[in-house]
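Taking it in order: structure first as structure tokens, then the write-up.
Every read-out reported here was derived from the displayed coordinates using simple, explicitly stated rules and does not represent laboratory data. Just so it is clear, the model here is predicted, and its values are computed rather than measured.
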Amino acid sequence: MPGNVAGVLLAAGSGSRLGQPKALVMLGGESLAARGIALLRAGGAGPIVVVTGAAELADRPDDVLCVHNPDWPTGMGSSLAAGLAAVPPGSAAAVVALADQPLVGPESVRRLIRAHHAGASVAVACYDGQPRNPVLIGREHFGEVVALAAGDVGARPFLRAHPDLITRVECADTGRPDDIDSPEDLARVEELLAT
């Protein structure tokens, strides 16, 4: 039986266009960070690591490991590196999710974990065939993912370098990968959640 699959939530950004750190943005009575933790937990990932930066989480559950990324202004690459470095040794892989994509559904996480248990060392959630997030990365690839992650790109350079390793997992029926980068994005996502 494969080892457990950790969850890594990247929640370090300052949300400069939103006017507040993304982790703290409230949506439907919950912060984006809390929604991301719930997504990973409901999808079966654990333990859960949250990478913070621009703001710390005041309301995190006791069983969630928070890792502060002092280099968060450099972009997502350093946060991904900090998150993967904090994944406990017993985890065979990690599902990486972004705090600013609150419409992603837990079934996408479940499908990535199932793909891993079926033998995939890298699995990417796709929406109508387009690769997005979350992404599952086997522990054997952590070093190279971190080595290639820089600036505001996370796992993308590694994924581009190794298309042969990727198992694409269709998730369009499980949710949407909409980003919240601006007040307009937030309003649109609030509207989608209300329907």
inquiry  = From the gyration tensor of the Cα coordinates in the range 99-155, what semi-axes in whole Å does the equivalent ellipsoid have, largest first, with each one equal to sqrt(5λ)?
reply    = 19, 17, 9
Rg followed by Dmax, in Å, when the range 87-195 is reduced to its Cα trace = 14.5, 42
request  = In whole Å, largest first, what are the principal axis extents of the Cα atoms in the range 1-47?
outcome  = 45, 20, 11
